[in-house]
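The values are calculated or read from the model by the stated rules, or taken from the named source; none is laboratory data. These numbers come from a predicted model, not from an experiment. Neighbour counts run over all protein chains shown; Cβ positions are idealised from the backbone, glycine included. Just so you know, the surface numbers come from the protein's heavy atoms only, side chains and all, with ligands and any DNA or RNA stripped out. Shrake-Rupley method; radii C 1.70, N 1.55, O 1.52, S 1.80 Å.
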Amino acid sequence: MGQVHYYFLFACAALGYFNMVSATGFVINRIPMRVTAVNGFSWANCDSESLPGKIQTLTILPDPLMFPGEMTLSTILNTTVALTSPVKVKVTAEKEFMHEWIHIPCLDEVGSCTYDDFCEILDQLIQPGQPCPEPLHTYGLPCHCPFQSGSYYLPVTQIYVPDLPLPATFTSGSYRVSVVLSHGDQEIGCAKITFSLASSFSHWP
């Protein structure tokens, strides 16, 4: 589940510019934005007892995480069942606005979206048969389905986070995100994530 959050957060930033419909229904043109910092990151399992997939530990430092900059990441993920294709991922994203939580719609596959098969997305990001990218390769961690049952441990690892564009839906403010993994009728895991973003206008073309 930590892997899902990691891909989700930085996939949002990597997509760059797109048209956006705000919560009030107005259409906003493509606006170049960039992430400057992520701070106040916290996480929790939605259900610590009944689901087979859980985050045991997840640490992302420093706080705030600056863009660009070095990120220190470590995590232990546990699952008592194998994750085999198709693995559905349902993401629900909300932003705090005037002390209320506003639903962020799914636009260009970013926001409150459902991905029918995360295994297929991984295959598109990393061609099957190719070595897994670092640091997964160094620690023998898989990057394709199936993920066998057991524990997946990523020790403290430093990762460089580049200067990234930001979709207009993810402007400065506080966010909460829930990520639910399921296979068929079986819910495998659920995580709740909160964080704040700082962003600014960019002069990128």
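Gain on full extension, evaluated as 0.36 nm per residue between C106 and Y139 minus their Cα-Cα distance, stands at 8.5 nm.
Applying 0.36 nm per residue to the separation of N39 and T59 and subtracting their alpha-carbon distance, the gain on full extension is 5.9 nm.
Would you list Y139, Y152 from the most to the least accessible area, probe 1.4 Å? Working shown, then result.
Numbers: Y139 100, Y152 45 Å².
Final ranking, largest accessible area leading: Y139, Y152.
Considering only Cα atoms, the convex hull volume of the range 72-175 works out to 151 Å³ per residue.
By how many nm would the segment from T114 to E96 lengthen if fully extended, with 0.36 nm per residue of separation less the alpha-carbon distance?
Values: separation 18, 0.36 × 18 = 6.48 nm, distance 2.14 nm.
Difference between extended and current length: 4.3 nm.
Under the classification rounded if a/c is under 1.5, otherwise prolate if a/b is larger than b/c and oblate if not, where does the range 59-118 fall, given a ≥ b ≥ c as square roots of the Cα gyration tensor eigenvalues? It comes out oblate by the Cα gyration axes. Distance between the modelled labels on D185 and S50, one decimal in nanometres: 1.5 nm (7 Å Cα→Cβ projection). A crude spin-label estimate for the pair D123 and S178, with each label 7 Å from Cα along the Cβ direction, gives 3.0 nm.
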